[in-house]
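Structure first, commentary second.
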Amino acid sequence: MTGGRSLAARLFAWAIFIVCAAYLIVPLATQFDYSLRARRGEIGFTAYTNVLSIPEPDKVLQVQASPLKITLNLPRFYSSLLFSCLMAVLTIIVSTAIVVPTAYWVHLRVPRLKPVIEFFTVLPFAIPGIVLTFGLLRTYSGPPFSLTNTELGTVALLVGGYTIAVLPYTYRSVDIGLRAIDIRTLTEAARSLGAGWPAIILQVILPNLRVAVLSAALLTFAIAIGEYTLANFLFPDERAFGSYMASVGNNKIFEPAALTIISFVLVWILVLLIQRVGRGTGQTQMTGMR
Amino acid sequence: MAYLELIHLRKVFGATVAVESFDLDVAKGEFVSFLGPSGCGKTTTLRMIAGFEQPTEGRIRIDGEDVTDTPPNKRRLGMVFQSYALFPNMTVADNIAFGLRMAKAPAQLIQQRVKEMLALIQMEGYGKRYSHQLSGGQQQRVALARALAIQPRVLLLDEPLSALDAKIRDELRNEIRRIQQALHITTIYVTHDQEEALALSDRIVVMNAGRVEQVGTPFDIYNRPQTEFVARFVGTLSTLRGTAGADGCVMVGGQPVRLTQPLSDKRPGDAVTIALRPETITLNGAAPGDNRLIAKVEGVTFLGSIVRVQLSVNGSTFVADALNNPNFTPPHAGDTVAISFAPEAARVVE
Ligand SMILES: Nc1ncnc2c1ncn2[C@@H]1O[C@H](COP(=O)(O)OP(=O)(O)OP(=O)(O)O)[C@@H](O)[C@H]1O
Ligand SMILES: [Mg+2]
C-alpha cells in the first residue's frame, strides 16, 4: 500500500519536474537551434562568430572600456562585457562594505530594528527600475550633486543604484548568515582578546559569512551584468552589456539568439566558479550551520 | 592590597535591579566563585568586570587602576564562555594566537606562546584542527588557552562546564584548578553548581536576588552559613519542625532535642524549625550527649558512596546520609529507626 502510494507520488513528482524543466529548456533549445541557422540551408556557428570574433582592425569600434579612460580596441561584445563586469565587481565591493557592517550592527545592538531594516531592504522589489532610474537621475544630475557631469560621478551613480537594486538579495543572504553564528558571543570573545571593531568585522565576522557573501555576490553579478534601464540612461553610448544586448536584439536577426546562449553559458560558468570557491571553505559552512 | 576591587556595584536594566551594592576585594592569584540561583546577577557582575556592561553605579579597580570606563578590549582580561565561542573560521592555533596578534606581538613570540598553551592544556598536535573537529571538552580547553595566551590580569569564566557531560565536567574542573594554580592567575568563576564552587574556590560569593548573601571559604560557607538562604542553597538541608519547650529544648513529636544555640526570642510553645546537614545524622549508634529521636523510614536511595534515607518525625520529612560500607545494612521503608545527632550540628532557622 505504501509502495503503491509512493510510486504514485514519485510519478507525480517526476511529472512536475518534467513540465518545469520543459518550460525552461524548450525555449532555450529553440533559441539554440535558431542561432545555428544564420546561413540559409546550413547548420553552423556563423552567428556566434559574428558576435565573438575580433574583426579587421579598420572595423574596430573604439569604445572606452572603463571609467579609467583606457581605450581598448575590442568588439563591443567584449568591451561591454568588460565594462559591466567592472561595474558588477564594484557593486559587490560597495554593497558588501555597506551591508555586512550594517546587518551586523543591527543584529548586535538594535535587534528590535530588524523588521524596519528588512522593510527598507525589500523596497527595491516594490519600486520599478525605471522609477529608481529617474529618481536617481533627477536628484543627482543637477546641483548640488551634478554627479553625471563626470565619468567617475556617473559610475558612482550606477554602482550606487545597483547597490540599492540588489539590497533585497544581499541583506537577506547576510542576515541568514548572521543568524547561523552566535555573533554576540564571538564579538565579546574577540573584544576581550583586545580586538577593535575593524578587526572584529574583517577577521571574525566576515570570514564566517563567506558563504553568505559569496551567494550575494553571485546574485549581484548576474543582476548587474544584465541590467538595462539604469545603465542605458546613465551611459547612452550603450557601453554596458545590457545596452549592447538590447541593440543587438533590435538590429540583428540570428545574433540575439546566439548572444542569449552565450550569456547563459557565461552565467553557468560563474555559478560553478562560485560554488567551487564556496566548497573550498567547507568547514566554515559546516560550523556556520551548527 | 586587593588586586581586583569591586566597589559598591549596582546594575539596573529598566525596572529590573540585576545587581545591588556588590562589594568585593579579590587578592592576586585568588580563585573566587560567584554562586547563586538563576537570575541572581552572577553573569551581570562578571560582565561588568569584563566591560560588556556599564555599571549603573560603583567602580571597578584592577591592580589599583580604575577600569570602570575602560572598553573591554583595553582591559586585558581573559574570558571563557559557556558556549566556548571559538572562532569557527580559525584553527586551534589561530584561535590561541588571536589575542597576541591583536596586541601585535612578534611572530616568534606568538608561535612559542601557542606551543606553550597547547602543552598547558595537553593538546599538542591539535593546532591545525578546526573547532568543529573537536569535542566539547576539547573546545573549552582551547577557549581557556586562548584566554590565557594574552596573560590576562584576571581570568573570567561564566559557567564554563555547564554544556559538558558529567564525566568531562569533573575532569575539566580539576584541569582548570591545576592550570589556575600553576599560573597563579586571579580568577572569577561563575556557577550555579555548588559542588563546583566548593571544589574549586579559595572563596565563594553566594548571591541571591542581586545581593551578596555571604562571602567565605568553602568550609565556612558549608559549615557556618550565615543566612538560611546560604544554608539551603549550599548543600542539602534537613529540617525538623517542633515547638520550644522549657529549659531551652525543642520538642519534636514529643521527643526533646537539645541545642547549643540559645532559643532567646522563643517562648515555650512557639513553633521552631531546626536544620541539620544530612551527613550529621547517624542511624547506627549514638555518641554520648547526642540527641536521639525515633523516626520512621519513608524510603532509601542508594547513591553509591552514600545511602540517602528519607525519614519522617511528627510529619516533617527529611533526609539522612549514611556513608556506604559493606557492613552497613540499610533500613527498609516502613522501619522505625533511632537516629542521633550532636547538639552543635543542629541550628534554628526561620
Ligand atoms: N541585557 C539585559 N536586559 C535586561 N535585563 C537583564 C539583562 N541581562 C540580565 N538581565 C536581568 O538581570 C538579572 C540577572 O541576570 P544574570 O544574567 O546576571 O543572572 P545569572 O545569575 O547569571 O543567572 P543564570 O544562572 O541563569 O545565568 C535577571 O533578572 C535578568 O533577567
Ligand atoms: Mg548567567
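The table below lists the values:
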item: Three-way shape call for chain A based on the alpha-carbon gyration tensor, with the a/c threshold at 1.5; result: oblate
item: Residue with peak Gaussian network fluctuation, chain B [Cα springs, cutoff 10 Å], from B:Val257, B:Val80, B:Val92; result: B:Val257
item: Within the accessible area of the protein assembly as shown (1.4 Å probe), percent carbon and sulfur; result: 59 percent
item: Per residue Cα convex hull volume in Å³ - calculated over segment B:218-258; result: 92 Å³
item: Gap separating the Cα centres of segment A:199-241 and segment A:1-40, nearest whole Å; result: 32 Å
item: Vicinal HN-Hα couplings computed from phi for segment B:264-274 (Karplus, 6.51 cos²θ - 1.76 cosθ + 1.60; Hz; Gly/Pro x); result: 4, 8, 10, 9, x, x, 5, 6, 9, 10, 10
item: Mean Cα-pair separation over length for chain A, i.e. relative contact order, pairs under 8 Å, 6 or more apart, %; result: 24 percent
item: For chain B: relative contact order, % (alpha-carbon pairs under 8 angstrom, 6 or more apart); result: 16 percent
item: 5 angstrom amide H check on B:Glu298, placed H, neighbours 5+ away; result: B:Gln310, B:Leu311, B:Ser312, B:Gly334
item: Cα gyration tensor shape of segment B:139-212, rounded if a/c is under 1.5, else prolate or oblate by comparing a/b with b/c; result: oblate
item: Under-5 Å amide H pairs with B:Asn324, H placed in peptide plane, nonlocal only; result: B:Ile306, B:Val307
item: Angle between chain B longest axis and helix B:92-102 axis [Cα atoms, degrees, rounded to 10]; result: 70 degrees
item: Centre separation in Å (Cα based) which lies between segment A:136-180 and segment A:88-102; result: 10 Å
item: Per-residue ³J(HN,Hα) for segment B:107-124, Karplus 6.51 cos²θ - 1.76 cosθ + 1.60, θ = phi - 60°, Hz, x for Gly and Pro; result: 3, 5, 5, 4, 4, 5, 5, 4, 4, 4, 5, 4, 5, 4, 8, 6, 10, 4
item: Per-residue [θ]222 nm for the protein assembly as shown (sum of -39500 (n - 2.57) over DSSP H runs n ≥ 4, rounded to 500); result: -14500 deg cm²/dmol
item: Taking segment A:192-281 and dividing mean pair separation by its residue count, relative contact order in percent (alpha carbons under 8 Å, at least six apart); result: 26 percent
item: For chain A, size of Cβ-based charge dipole, Lys and Arg +1, Asp and Glu -1, in debye; result: 820 debye
item: Among B:330-339, B:45-54, the order from most to least packed when residues are scored by Cβ within 10 Å on average; result: B:45-54, B:330-339
item: Centroid-to-centroid separation of segment B:35-86 and segment B:205-221 [C-alpha atoms, Å]; result: 18 Å
item: With Cα atoms, 0 to 90° folded angle of helix B:166-183 axis to chain B main axis; result: 60 degrees
item: GNM top mover of A:Gln203, A:Gln31, A:Gln275 - chain A, alpha-carbon springs below 10 Å; result: A:Gln203
item: Residues of the protein assembly as shown: accessible area per residue with a 1.4 Å probe, Å²; result: 50 Å²
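The values are calculated or read from the model by the stated rules, or taken from the named source; none is laboratory data. No experiment lies behind these values; they were computed from the predicted model shown. Every residue, glycine as well, gets a Cβ built from its backbone with ideal geometry; the counts of neighbours run over all protein chains shown. Areas reflect the complete protein model, heavy atoms only, side chains present, ligands, DNA and RNA absent. Shrake-Rupley method; radii C 1.70, N 1.55, O 1.52, S 1.80 Å.
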